[in-house]
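Working notes, structure below.
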Amino acid sequence: MTDRQPLVAGNWKMNGSRASVRSLLDGLCRGVPENGVEVLVCAPFIHIPLAAELLAGSAIGLGAQTVSEYGNGAYTGEISTDMLKDYGCGYVIIGHSERRHILGETNETVARKFRHARDSGLQVILCLGERLEEREAGMTEQVLSEQLDAVIAAAGMECFSGAVIAYEPVWAIGTGRTATPEQAQAAHSFIRLQVARHDDRIADGLRILYGGSVKADNAAGLFAMADVDGGLIGGASLKVDDFLAICQSIG
Ligand code: PEP
(Lines give C-alpha, C1' and ligand atoms only; values in the text may rest on other atoms or scores of the structure.)
Protein backbone atom coordinates (compact mmCIF):
# COMPACT_ATOMS: atom_id res chain seq x y z
CA MET A 1 0.00 0.00 0.00
CA THR A 2 1.15 3.53 -0.77
CA ASP A 3 2.06 5.72 2.19
CA ARG A 4 -0.46 8.54 2.08
CA GLN A 5 0.62 11.75 3.80
CA PRO A 6 -2.11 12.73 6.28
CA LEU A 7 -3.85 16.03 5.61
CA VAL A 8 -5.84 18.20 8.01
CA ALA A 9 -7.68 21.05 6.30
CA GLY A 10 -9.62 23.80 8.05
CA ASN A 11 -12.76 25.11 6.37
CA TRP A 12 -13.46 28.53 7.85
CA LYS A 13 -16.74 28.82 5.93
CA MET A 14 -18.13 32.41 5.93
CA ASN A 15 -16.37 33.48 9.13
CA GLY A 16 -13.61 35.80 10.21
CA SER A 17 -12.49 39.41 10.30
CA ARG A 18 -9.04 40.82 9.54
CA ALA A 19 -8.34 40.83 13.27
CA SER A 20 -9.49 37.24 13.84
CA VAL A 21 -7.59 35.98 10.79
CA ARG A 22 -4.41 37.58 12.15
CA SER A 23 -4.80 36.07 15.56
CA LEU A 24 -5.82 32.61 14.30
CA LEU A 25 -2.94 32.36 11.82
CA ASP A 26 -0.44 33.75 14.30
CA GLY A 27 -1.40 30.96 16.72
CA LEU A 28 -1.40 28.26 14.06
CA CYS A 29 2.00 29.29 12.67
CA ARG A 30 3.51 29.17 16.16
CA GLY A 31 2.04 25.78 17.02
CA VAL A 32 1.84 23.78 13.80
CA PRO A 33 3.15 20.30 14.65
CA GLU A 34 6.07 18.69 12.86
CA ASN A 35 4.54 15.22 12.82
CA GLY A 36 4.36 14.66 9.08
CA VAL A 37 0.82 15.96 8.72
CA GLU A 38 0.08 18.42 5.93
CA VAL A 39 -1.91 21.36 7.32
CA LEU A 40 -4.11 23.62 5.24
CA VAL A 41 -6.60 26.42 5.85
CA CYS A 42 -9.39 27.21 3.38
CA ALA A 43 -10.36 30.86 3.79
CA PRO A 44 -13.25 32.94 2.41
CA PHE A 45 -12.12 34.72 -0.78
CA ILE A 46 -11.89 38.14 0.85
CA HIS A 47 -9.42 36.91 3.48
CA ILE A 48 -7.16 35.11 1.01
CA PRO A 49 -4.73 37.99 0.33
CA LEU A 50 -4.20 38.59 4.05
CA ALA A 51 -3.93 34.88 4.80
CA ALA A 52 -1.39 34.46 1.98
CA GLU A 53 0.70 37.28 3.44
CA LEU A 54 0.56 35.85 6.97
CA LEU A 55 1.31 32.28 5.87
CA ALA A 56 4.27 33.18 3.63
CA GLY A 57 7.23 31.02 4.62
CA SER A 58 5.16 28.84 6.98
CA ALA A 59 4.42 25.15 6.63
CA ILE A 60 0.67 25.81 6.42
CA GLY A 61 -0.98 25.71 3.00
CA LEU A 62 -3.76 27.95 1.75
CA GLY A 63 -6.94 27.05 -0.09
CA ALA A 64 -10.30 28.46 -1.14
CA GLN A 65 -13.77 27.08 -0.48
CA THR A 66 -15.08 27.13 -4.05
CA VAL A 67 -14.07 28.57 -7.43
CA SER A 68 -15.68 29.51 -10.72
CA GLU A 69 -16.02 26.85 -13.38
CA TYR A 70 -15.03 29.52 -15.95
CA GLY A 71 -11.77 31.15 -16.93
CA ASN A 72 -11.25 34.92 -16.45
CA GLY A 73 -13.84 37.03 -18.24
CA ALA A 74 -17.37 38.40 -18.08
CA TYR A 75 -18.68 36.45 -15.07
CA THR A 76 -19.71 39.10 -12.55
CA GLY A 77 -19.04 38.16 -8.96
CA GLU A 78 -16.98 35.07 -9.72
CA ILE A 79 -13.40 34.26 -8.71
CA SER A 80 -11.21 32.31 -11.13
CA THR A 81 -8.61 29.61 -10.63
CA ASP A 82 -5.98 32.01 -12.04
CA MET A 83 -6.82 34.56 -9.33
CA LEU A 84 -6.51 31.93 -6.61
CA LYS A 85 -3.15 30.77 -7.91
CA ASP A 86 -1.95 34.35 -8.21
CA TYR A 87 -2.63 34.81 -4.48
CA GLY A 88 -0.82 31.64 -3.48
CA CYS A 89 -3.74 29.24 -3.11
CA GLY A 90 -2.76 25.67 -3.87
CA TYR A 91 -6.06 24.03 -2.97
CA VAL A 92 -9.77 24.50 -3.45
CA ILE A 93 -12.71 22.70 -1.84
CA ILE A 94 -15.30 21.64 -4.43
CA GLY A 95 -18.80 20.32 -3.77
CA HIS A 96 -19.10 21.11 -0.07
CA SER A 97 -22.59 20.08 1.08
CA GLU A 98 -23.47 23.68 1.97
CA ARG A 99 -22.83 24.63 -1.65
CA ARG A 100 -24.79 21.61 -2.90
CA HIS A 101 -27.78 21.88 -0.57
CA ILE A 102 -28.01 25.60 0.29
CA LEU A 103 -26.49 27.22 -2.79
CA GLY A 104 -27.89 24.82 -5.39
CA GLU A 105 -24.79 23.18 -6.86
CA THR A 106 -25.69 19.96 -8.68
CA ASN A 107 -23.51 16.92 -9.30
CA GLU A 108 -22.94 18.34 -12.78
CA THR A 109 -21.85 21.79 -11.53
CA VAL A 110 -19.52 20.13 -9.06
CA ALA A 111 -18.09 17.94 -11.83
CA ARG A 112 -17.42 20.94 -14.09
CA LYS A 113 -15.76 22.89 -11.28
CA PHE A 114 -13.64 19.89 -10.34
CA ARG A 115 -12.45 19.42 -13.90
CA HIS A 116 -11.72 23.09 -14.44
CA ALA A 117 -9.82 23.38 -11.15
CA ARG A 118 -7.73 20.26 -11.87
CA ASP A 119 -7.02 21.42 -15.44
CA SER A 120 -5.83 24.74 -13.98
CA GLY A 121 -3.36 22.94 -11.73
CA LEU A 122 -5.11 23.42 -8.38
CA GLN A 123 -5.30 20.63 -5.83
CA VAL A 124 -8.93 19.80 -5.19
CA ILE A 125 -10.72 18.51 -2.12
CA LEU A 126 -13.89 16.97 -3.54
CA CYS A 127 -16.65 16.62 -0.92
CA LEU A 128 -19.11 13.74 -1.02
CA GLY A 129 -21.73 12.80 1.54
CA GLU A 130 -25.26 11.63 2.14
CA ARG A 131 -28.09 13.33 4.01
CA LEU A 132 -29.64 11.78 7.11
CA GLU A 133 -32.79 10.61 5.29
CA GLU A 134 -30.61 8.96 2.64
CA ARG A 135 -28.55 7.12 5.28
CA GLU A 136 -31.70 6.03 7.07
CA ALA A 137 -33.15 4.76 3.79
CA GLY A 138 -29.99 2.65 3.24
CA MET A 139 -28.94 4.82 0.28
CA THR A 140 -25.51 5.98 1.48
CA GLU A 141 -23.52 3.97 -1.07
CA GLN A 142 -25.87 4.90 -3.91
CA VAL A 143 -25.54 8.62 -3.13
CA LEU A 144 -21.75 8.42 -2.84
CA SER A 145 -21.52 6.52 -6.15
CA GLU A 146 -23.73 9.01 -7.96
CA GLN A 147 -21.74 11.98 -6.66
CA LEU A 148 -18.44 10.32 -7.55
CA ASP A 149 -19.52 8.93 -10.92
CA ALA A 150 -20.70 12.36 -12.09
CA VAL A 151 -17.20 13.72 -11.51
CA ILE A 152 -15.42 10.73 -13.04
CA ALA A 153 -17.64 10.96 -16.13
CA ALA A 154 -16.95 14.68 -16.61
CA ALA A 155 -13.31 14.84 -15.60
CA GLY A 156 -11.89 11.37 -16.30
CA MET A 157 -9.88 9.25 -13.92
CA GLU A 158 -6.51 10.98 -14.46
CA CYS A 159 -7.92 14.12 -12.76
CA PHE A 160 -8.07 12.07 -9.54
CA SER A 161 -4.34 11.47 -9.52
CA GLY A 162 -3.19 13.62 -6.59
CA ALA A 163 -6.72 14.79 -5.79
CA VAL A 164 -8.29 14.52 -2.33
CA ILE A 165 -11.79 13.37 -1.44
CA ALA A 166 -13.58 14.38 1.75
CA TYR A 167 -16.35 12.12 2.99
CA GLU A 168 -18.68 14.47 4.84
CA PRO A 169 -22.01 12.98 5.93
CA VAL A 170 -24.38 15.96 5.84
CA TRP A 171 -25.98 14.91 9.14
CA ALA A 172 -22.62 15.27 10.89
CA ILE A 173 -21.65 18.72 9.60
CA GLY A 174 -21.94 21.41 12.25
CA THR A 175 -24.36 19.25 14.24
CA GLY A 176 -22.05 17.88 16.92
CA ARG A 177 -23.10 14.39 15.76
CA THR A 178 -19.97 12.66 14.44
CA ALA A 179 -19.89 9.46 12.40
CA THR A 180 -18.39 6.64 14.42
CA PRO A 181 -14.92 5.57 13.30
CA GLU A 182 -16.53 2.39 11.92
CA GLN A 183 -19.13 4.34 9.91
CA ALA A 184 -16.40 6.59 8.53
CA GLN A 185 -14.17 3.62 7.66
CA ALA A 186 -17.03 1.84 5.86
CA ALA A 187 -17.78 4.90 3.71
CA HIS A 188 -14.09 5.60 3.01
CA SER A 189 -13.33 2.05 1.98
CA PHE A 190 -16.42 2.07 -0.25
CA ILE A 191 -15.20 5.28 -1.96
CA ARG A 192 -11.69 3.84 -2.42
CA LEU A 193 -13.17 0.66 -3.93
CA GLN A 194 -15.27 2.69 -6.37
CA VAL A 195 -12.16 4.51 -7.54
CA ALA A 196 -10.20 1.22 -7.69
CA ARG A 197 -12.79 -0.15 -10.13
CA HIS A 198 -11.36 2.41 -12.57
CA ASP A 199 -7.73 2.62 -11.46
CA ASP A 200 -6.04 0.68 -8.64
CA ARG A 201 -2.98 2.89 -8.49
CA ILE A 202 -4.95 6.12 -8.18
CA ALA A 203 -7.23 4.56 -5.55
CA ASP A 204 -4.25 3.45 -3.49
CA GLY A 205 -2.72 6.94 -3.44
CA LEU A 206 -5.99 8.82 -2.99
CA ARG A 207 -6.27 10.70 0.30
CA ILE A 208 -9.77 10.47 1.76
CA LEU A 209 -10.53 12.90 4.60
CA TYR A 210 -13.39 12.61 7.06
CA GLY A 211 -15.41 15.73 7.86
CA GLY A 212 -18.32 16.25 10.20
CA SER A 213 -18.04 17.54 13.78
CA VAL A 214 -14.41 16.45 14.20
CA LYS A 215 -13.16 17.75 17.55
CA ALA A 216 -9.99 17.35 19.58
CA ASP A 217 -11.60 14.53 21.57
CA ASN A 218 -12.83 12.37 18.68
CA ALA A 219 -10.15 13.01 16.05
CA ALA A 220 -7.69 10.30 17.09
CA GLY A 221 -10.30 7.53 16.88
CA LEU A 222 -11.36 8.61 13.40
CA PHE A 223 -7.81 9.13 12.13
CA ALA A 224 -6.79 5.67 13.37
CA MET A 225 -8.98 3.99 10.74
CA ALA A 226 -7.13 2.46 7.78
CA ASP A 227 -8.85 4.48 5.06
CA VAL A 228 -9.15 7.78 6.93
CA ASP A 229 -6.24 9.94 5.78
CA GLY A 230 -7.05 13.06 7.76
CA GLY A 231 -9.89 15.49 8.26
CA LEU A 232 -11.78 18.44 6.86
CA ILE A 233 -12.58 20.54 9.89
CA GLY A 234 -15.22 23.26 10.10
CA GLY A 235 -16.10 24.78 13.47
CA ALA A 236 -13.03 23.52 15.31
CA SER A 237 -10.71 25.08 12.69
CA LEU A 238 -11.62 28.55 13.97
CA LYS A 239 -9.98 27.94 17.36
CA VAL A 240 -6.21 27.74 17.54
CA ASP A 241 -5.98 25.18 20.34
CA ASP A 242 -8.73 22.94 18.97
CA PHE A 243 -7.35 22.90 15.44
CA LEU A 244 -3.78 22.27 16.59
CA ALA A 245 -4.95 19.46 18.88
CA ILE A 246 -6.70 17.84 15.90
CA CYS A 247 -3.52 18.18 13.81
CA GLN A 248 -1.58 16.55 16.63
CA SER A 249 -3.98 13.59 16.82
CA ILE A 250 -2.63 12.06 13.64
CA GLY A 251 0.00 9.38 13.58
C1 PEP B 1 -17.16 21.33 7.21
O2 PEP B 1 -17.54 22.48 7.13
O3 PEP B 1 -16.64 20.80 6.22
C4 PEP B 1 -17.34 20.61 8.47
C5 PEP B 1 -16.98 19.36 8.53
O6 PEP B 1 -17.85 21.32 9.52
P7 PEP B 1 -17.86 20.91 11.09
O8 PEP B 1 -16.48 20.38 11.40
O9 PEP B 1 -18.20 22.14 11.82
O10 PEP B 1 -18.90 19.82 11.22
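The values are calculated or read from the model by the stated rules, or taken from the named source; none is laboratory data. Nothing here was measured: the structure is a model prediction, and the numbers come from that model. When we count neighbours, we look across all protein chains shown, and the Cβ atoms used for this are built from the backbone with ideal geometry, even at glycine. To get the accessible areas, we keep the full protein, side chains included, count just its heavy atoms, and leave off ligands, DNA and RNA. Shrake-Rupley method; radii C 1.70, N 1.55, O 1.52, S 1.80 Å.
Filter the stretch 93-105 down to the residues that are more than 16 Å from the chain's Cα centre (by Cα), open to solvent by 60 Å² or more (accessible area, probe 1.4 Å) and without any contact (Cβ under 8 Å) to a residue 40 or more places away in the chain and list them by number.
Answer for the stretch 93-105, where residues must be more than 16 Å from the chain's Cα centre (by Cα), open to solvent by 60 Å² or more (accessible area, probe 1.4 Å) and without any contact (Cβ under 8 Å) to a residue 40 or more places away in the chain: 102, 103.
For the stretch 152-192, how many residues meet the condition of being of a type in the set (Gly, Ala, Ser), more than 16 Å from residue 228 (Cβ to Cβ) and in a helix (DSSP H, G or I)?
Of the residues in that region, 3 qualify.
With (1) more than 18 Å from residue 98 (Cα to Cα); (2) away from the ligand (no atom under 15 Å from the Cβ) as the list, and residue 188 as the residue in question, which single condition is left unmet?
Going through (1) more than 18 Å from residue 98 (Cα to Cα); (2) away from the ligand (no atom under 15 Å from the Cβ) one by one, residue 188 breaks only (2).
From the residues in the stretch 3-15 that are out of contact with any Asp or Glu (no Cβ under 7 Å at 6 or more places or on another chain) and open to solvent by 50 Å² or more (accessible area, probe 1.4 Å), which one is modelled with the lowest pLDDT?
3
Filter the stretch 49-81 for residues that are open to solvent by 80 Å² or more (accessible area, probe 1.4 Å), touching a residue at least 12 places away in the same chain (Cβ under 8 Å) and either within 17 Å of the chain's Cα centre (by Cα) or over 21 Å from residue 237 (Cα atoms) (or both) and give the result.
Matches in the stretch 49-81: 70 only.
How about the stretch 139-149: which of its residues are farther than 15 Å from residue 186 by Cβ and either of a type in the set (Lys, Arg) or buried (at least 20 other Cβ atoms within 10 Å of the Cβ) (or both)?
Scanning the stretch 139-149 gives 147, 148.
Would you point out the residue of the stretch 106-129, among those that are in contact with a Ser or Thr (Cβ under 8 Å, 6 or more places away or on another chain) and within 15 Å of the ligand (Cβ to nearest atom), that is nearest to residue 145 (Cα to Cα)?
129
When you go through 246, 202, 250 one by one, which is the residue that is open to solvent by less than 30 Å² (accessible area, probe 1.4 Å), assigned to a helix (DSSP H, G or I) and away from the ligand (no atom under 14 Å from the Cβ)?
The conditions single out 202.
Go through the stretch 12-55 residue by residue and tally those that are closer than 24 Å to residue 226 by Cα and in contact with a helix residue (DSSP H, G or I) (Cβ under 6 Å, 6 or more places away or on another chain).
3
Only one of (1) open to solvent by 40 Å² or more (accessible area, probe 1.4 Å); (2) of a type outside the set (S, T, N, Q); (3) within 13 Å of the ligand (Cβ to nearest atom) fails for residue 136. Which number is that?
Checking residue 136 against (1) open to solvent by 40 Å² or more (accessible area, probe 1.4 Å); (2) of a type outside the set (S, T, N, Q); (3) within 13 Å of the ligand (Cβ to nearest atom), the one that fails is (3).
Note down all Cβ pairs under 6 Å where the first residue falls in the stretch 163-179 and is more than 16 Å from residue 65 (Cβ to Cβ) and open to solvent by 20 Å² or more (accessible area, probe 1.4 Å), the second is among the hydrophobic types (A, V, I, L, M, F, W, C) and near the ligand (Cβ under 7 Å from one of its atoms), and they're at least six residues apart or on different chains.
If the second residue must be among the hydrophobic types (A, V, I, L, M, F, W, C) and near the ligand (Cβ under 7 Å from one of its atoms), the pairs left are 178/172.
Give me the pairs: first residue in the stretch 216-233 and open to solvent by less than 10 Å² (accessible area, probe 1.4 Å), second residue among the acidic types (Asp, Glu) and more than 15 Å from the ligand (Cβ to nearest atom), beta-carbon distance under 8 Å, and six or more apart or on different chains, which are they?
Going by the 8 Å Cβ cut-off, the qualifying pairs are 230/38.
Report yes if residue 195 is in a loop (DSSP other than H, G, I, E, B) and modelled with pLDDT of 95 or more, otherwise no.
No: the conditions fail for residue 195.
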